[in-house]
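Novice: If you scroll down you'll find the structure; I have some questions about it.
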Amino acid sequence: MSGLDSLYQEVILDHSKRPVGKGEFSAPDGTFSASHHEFNPSCGDEITLSVAVSPETGKIEVLSWEGQGCSISMASASVLSQLVRDDSLTLEQAKERIDAFREMIQSRGAVEPDEELLGDAVALQGVSKFVMRVKCAMLAWVALEADFKQIEADLAAA
C-alpha cells in the first residue's frame, strides 16, 4: 500500500469512528430546512440528512445527519459535513462539490479529483474502483441534493 493510500485509509477510518455532523437537527429561526432519508437496499446502509439554508445569503447554516452503515457510507457523510462546515458553503457551492464528487466516485479511478474543491472527500476516490461501493459513498451526497430540491422549491414559493 502506498503512503497516499494509507493516508486516505486513515482519513476514512477516522471519519467513520469520529463522525462530524452526526446528531440531532435543529434549524435556526428564519432558515429554510429539509430532511431526506436515503437507503441502500444492496447493503442496508441508510442515512437521514437534514440541512438549513439562509434565504438571505444562500449559505448552509446547519447540516446534520443520522444513519448506520458501512465505514464508507458513514465516513462519506462525515466528510461531507466537515466540508460544508469548514468552507461555510452556499447552496450553489455545495452543488458544485456534489457534482465534482459524483464525477470522481463514478469515474472508476479515471478522474483526478480537485483536492482544493473536495478536501478530505478525495480520500474516497479509491471507492470508485468498486462499483458495488459507489452507492455507499454517494448516499449522503444524494440526500443533500434531495434536500436542496425541497429548499429551492420552498424558496421559489416564498
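Novice: Among the residues that make up region 96-106, is at least one of them among the polar types (S, T, N, Q), free of Cβ contacts under 8 Å to residues at least 40 places away in the same chain and closer than 19 Å to residue 142 by Cα?
Specialist: yes
Novice: Take residue 92 and decide whether it is without any contact (Cβ under 8 Å) to a residue 60 or more places away in the chain, of a type in the set (Asp, Glu) and not in a strand (DSSP E or B).
Specialist: Against the criterion (without any contact (Cβ under 8 Å) to a residue 60 or more places away in the chain, of a type in the set (Asp, Glu) and not in a strand (DSSP E or B)), residue 92 qualifies.
Novice: Out of all the residues in region 15-53, which are part of a helix (DSSP H, G or I) and in contact (Cβ under 8 Å) with a residue 60 or more places away in the chain?
Specialist: Those that are part of a helix (DSSP H, G or I) and in contact (Cβ under 8 Å) with a residue 60 or more places away in the chain: 15, 16.
Novice: Could you tell me which numbered condition residue 83 fails, if it satisfies all but one of (1) in contact with a Lys or Arg (Cβ under 8 Å, 6 or more places away or on another chain); (2) in contact (Cβ under 8 Å) with a residue 40 or more places away in the chain?
Specialist: Looking at each condition in turn, residue 83 falls short on (2).
Each value in this text was obtained by applying a stated rule to the coordinates, not by laboratory testing. Here the structure is a predicted model, which is why all the values come from computation and not from measurement. A quick note on method: Cβ atoms are made from the backbone with ideal geometry, for glycine too, and the neighbour counts reach across all protein chains shown.
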